[in-house]
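The values are calculated or read from the model by the stated rules, or taken from the named source; none is laboratory data. Small disclaimer: the values here were computed from a predicted structure and weren't measured. Using ideal geometry, Cβ is built from the backbone for each residue, glycine included, and neighbour counts are taken over all protein chains shown. Surface accessibility is based on the protein's heavy atoms, side chains included, excluding ligands, DNA and RNA. Shrake-Rupley method; radii C 1.70, N 1.55, O 1.52, S 1.80 Å.
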Amino acid sequence: ALSSGVLIIGREGDGALAIQNGGAVSSTTSRLGSGGPDGGRGTATVDSVGSSWNSGSLNIFRSTLAIQNGGAVSSSSAHMYINSTVMVDGAGSNWTSSGYLGLGEDHGGVLTVKNGGAVSSASFMGAATVDGAGSSLTTGGLSTETGLRISNGGVVSSSFGSIGGDGGFVVDGAGSSWTNSGELYIGMVGLGHLAIRNGGAVSSAIGRLGDFFGDIGVATVEGSGSSWTNSGDLVVGTGYTGTLNILNGVVSVGNTLSVGEHGTVNFAGGQLAADSIDAATAGAQFNFTGGALAVNTFNGSLVNQGGELAPGDSPGTTVITGDYTQLLGGTFEVEIGGLLQGAEHDWLDVG
């Protein structure tokens, strides 16, 4: 075991630290590499079950940290800077930060969690890849301006989420998921893009696309089995530019899907289910060209250009406050099981 106050690996020249076979290191402050352009670089490896590095604040400059084969690192806070990488690889391998974990921002660090590795922190900002079944990132507030990817069954959990700064968030593949228990902002400080593909799943309490002035938020749901579930509202383009593309999969909204004056919904396939949709604001665009729409109340006029309108729950009632226009290729699906309106047969009420 090694105990130190300040531990610097790669201060002027290059330095390396290997913790293995159950070895343990503890330090109050740790640094991999030097912050200067001509400073050294550091490499640290924590390898095998029982091997650990317990640090206070951990700063990584142009250096590499590898946590593998069940190794463990804990820190009170951590910052990664340009050209730095952290890899958490293998079941049982984990990195725990009791405070802030910053990777990227304007610094350019990259985190990779794969093959069952796990990372947890109080808050997280930056770029990351979470890949493979059992791989996980768990945090409070999650913000990315440089991109985050979940693939092949990886899992991310957060209590608040924001995507901006021209960054993208991709959830790709069956079993890949992002569970956000609070509000999810897409388009903060620039362009933010959420892509849910090939069976990936996202859930949030409230979703907001382009909610702030000058910001652009885009979400695309495509591929069989892909889903975005909002237990509350989904807001598209009420503050600035927001676009929701539903090409396949399922988007569900527990309360209201609001389409603002800068909002566009392109519904071309899959399924959209909402308690209510508000698209009556001047400038709002709801392009219904495919897919199955199940909604209790549609505030505004609806043009069905080639999709399927299936009222309410099964069966149920759909109220359209404006006009309803059904073009060639559009379908109105009616379930008939008895005489009771909305309970035993579908009902469409057009204002």
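Residues are listed down the side, and each one gets a yes or a no for (1) of a type in the set (Asp, Glu); (2) without any contact (Cβ under 8 Å) to a residue 40 or more places away in the chain:
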{"position": "Glu12", "(1), (2)": "yes, yes"}
{"position": "Gly15", "(1), (2)": "no, yes"}
{"position": "Ala18", "(1), (2)": "no, yes"}
{"position": "Val25", "(1), (2)": "no, yes"}
{"position": "Ser30", "(1), (2)": "no, no"}
{"position": "Ala44", "(1), (2)": "no, yes"}
Q) Restricting to segment 221-268, what's the tally of residues that are more than 23 Å from Ser181 (Cα to Cα), open to solvent by less than 10 Å² (accessible area, probe 1.4 Å) and not hydrophobic (A, V, I, L, M, F, W, C)? A) 2
Q) What are the pairs, 6+ residues apart or on separate chains, where a residue within segment 154-178 that is within 15 Å of Ala195 (Cβ to Cβ) has its Cβ under 6 Å from a residue that is among the acidic types (Asp, Glu) and modelled with pLDDT of 95 or more? A) Gly154/Asp131
Q. Looking at segment 106-113, is at least one residue modelled with pLDDT of 95 or more and within 22 Å of Ser176 (Cα to Cα)?
A. yes
Q) Within segment 231-243, which residues are in contact with a Leu (Cβ under 8 Å, 6 or more places away or on another chain) and closer than 17 Å to Ala205 by Cβ? A) Asp233, Leu234, Val235, Val236
Q. How about segment 223-240: which of its residues are within 15 Å of the chain's Cα centre (by Cα) and over 14 Å from Val253 (Cα atoms)?
A. Ser226
**Q.** Residue that is more than 24 Å from Phe160 (Cα to Cα) and under 23 Å from the mean Cα position of the chain (by Cα), where the choices are Gly260, Gly283, Gly270
**A.** Gly270
Q: Go through segment 107-146 and give me each residue that's open to solvent by 30 Å² or more (accessible area, probe 1.4 Å) and in a loop (DSSP other than H, G, I, E, B).
A: His107, Gly108, Asn115, Ala133, Gly134, Glu145, Thr146
**Q.** Number of positions in segment 46-102 that are without any contact (Cβ under 8 Å) to a residue 24 or more places away in the chain, open to solvent by less than 40 Å² (accessible area, probe 1.4 Å) and farther than 24 Å from Gly13 by Cα
**A.** 1
Q) In segment 221-241, which residue that is in contact with a Ser or Thr (Cβ under 8 Å, 6 or more places away or on another chain), of a type outside the set (S, T, N, Q) and assigned to a strand (DSSP E or B) is nearest to His262 (Cα to Cα)? A) Val236
Q: Take segment 73-90 and flag every residue that is assigned to a strand (DSSP E or B) and either within 16 Å of Leu101 (Cα to Cα) or touching a Leu at 6+ places or on another chain (Cβ under 9 Å) (or both).
A: Val73, Ser74, Ser75, Ser77, Ala78, His79, Met80, Thr85, Val86, Met87, Val88
**Q.** Scan of segment 202-217 for residues that are assigned to a strand (DSSP E or B) and open to solvent by 30 Å² or more (accessible area, probe 1.4 Å), ordered by number
**A.** Ser203, Ile206, Arg208, Ile216
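Condition check ((1) outside any strand (DSSP E or B); (2) of a type in the set (Ser, Thr, Tyr); (3) open to solvent by less than 60 Å² (accessible area, probe 1.4 Å)) across all residues:
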site	(1), (2), (3)
Gly175	yes, no, yes
Thr179	no, yes, no
Ile186	no, no, yes
Ala195	no, no, yes
Ala219	no, no, yes
Q: For residues that are over 32 Å from the mean Cα position of the chain (by Cα) and β-branched (Val, Ile, Thr), scanning just segment 298-322, find the one that is farthest from Trp347 (Cα to Cα).
A: Thr321
Q: Tell me, please, whether a residue that is open to solvent by 50 Å² or more (accessible area, probe 1.4 Å), within 26 Å of Gly192 (Cβ to Cβ) and either of a type in the set (Val, Ile, Thr) or in contact with a helix residue (DSSP H, G or I) (Cβ under 7 Å, 6 or more places away or on another chain) (or both) can be found in segment 303-321.
A: no
